[in-house]
Every structure is written in structure tokens, then in C-alpha cells.
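Q: Pasting a structure below so you can have a look.
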Amino acid sequence: RRFVVLPILRDTVLRTVPQDEVGPMSLYQVQKLIYQLNRDPRTRERYASERDAVLAEYELTAEETGALTKPDIGLLYVLGVNGQLLMHFAALHRIEWPDYLERMRQGLRDHGQVREGVYAATGYEGVEAHDARLKRARENR
């Protein structure tokens, strides 16, 4: 059996989880696809005309496929997609900047903290507490 180390906090102890219990670790695949969509006109054309075929070329979970197809910007953010990639993917789908930001906030409310990647939260305090802290910081300037 292959094992993957996941940072699952249980009294601050890390434990090893068998890969077959967590499914494919495919954040890389999601980001690779989004990168290609952002950079390559031919990939965009294929995605528009034969989306299922393009998605099948990547090792994606059903949740990731659904988030990409919808597109569910909030879920993609929570799954750990890098914001630099995600903002261009949102623009590709004609999602304007304020709506993009709100969709990420809504993703945190709907799906919880960011699960992996560079935005994975430690000591996550929730959307409302974070917004209140930012507001206090602005007021104290």
C-alpha cells in the first residue's frame, strides 16, 4: 500500500493516512489544467467544444470536475487552487473582480477552510472573525 502524509490535526499530532482512504491527490492536476486554459488558446477552444474530453486528460476527482465545469470559484479556492491561476480562470468565465472575491468568501462559508496548497489555513478563525479583524485594522490606520 502507498501512503501519503496529510496534515490532519488531532491534538497537534500528524498522522499518516493510506492513499486509498483519501483518493487522488490532484490539486496539481487542477492547477495544471487551469494554467493551460489561461495560457493556451487551443486548450481554451477544446475546452469550449469538447470539455469532457479535455477534463478526462487530467486526474481529477468528481468534486474537482464539478467545480471546474460549473465553474465554482469558491470551491476551487477551498480546494487550494492558487489565486493567480484562479483569477484568470474566473476572467475566462467573465466573472468580474468583485464577484470573484465574493465567490471566494462564499466558498469559505460553504465549504470551510482552504484544504491544501499555499492558502491552507492554520488557526482558521472563520470568515466573520477574519472580516472583523480586517475592519479593525483599517479603522486603526
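The values are calculated or read from the model by the stated rules, or taken from the named source; none is laboratory data. Given the structure is predicted, the values throughout are model-derived calculations rather than measurements. Here the Cβ positions follow ideal geometry from the backbone for every residue, glycine too, while neighbour counts run over all protein chains shown. Please note that ligands, DNA and RNA were not included when accessible areas were found on the heavy atoms of the full protein model with its side chains. Shrake-Rupley method; radii C 1.70, N 1.55, O 1.52, S 1.80 Å.
Q: Any idea which residue in the range 25-50 is modelled with the lowest pLDDT, counting only those that are closer than 17 Å to G117 by Cα and either open to solvent by less than 70 Å² (accessible area, probe 1.4 Å) or acidic (D, E) (or both)?
A: Filtering first and then ranking leaves S26.
Q: Checking R1 against (1) of a type in the set (D, E, K, R); (2) modelled with pLDDT of 95 or more; (3) open to solvent by 90 Å² or more (accessible area, probe 1.4 Å), only one condition comes out false. Which one?
A: Evaluating R1 over (1) of a type in the set (D, E, K, R); (2) modelled with pLDDT of 95 or more; (3) open to solvent by 90 Å² or more (accessible area, probe 1.4 Å) leaves (2) as the failure.
Q: May I ask you to list the residues in the range 66-79 that are farther than 17 Å from R109 by Cβ and either surrounded by fewer than 17 Cβ atoms within 10 Å (Cβ to Cβ) or charged (D, E, K, R) (or both)?
A: G66, T69
Q: Okay, next question. Could we say that Q36 is in a helix (DSSP H, G or I) and within 24 Å of H130 (Cα to Cα) here?
A: no
Q: Restricting to the range 98-125, give me the number of residues that are more than 17 Å from the chain's Cα centre (by Cα) and surrounded by 10 or more Cβ atoms within 10 Å (Cβ to Cβ).
A: 1
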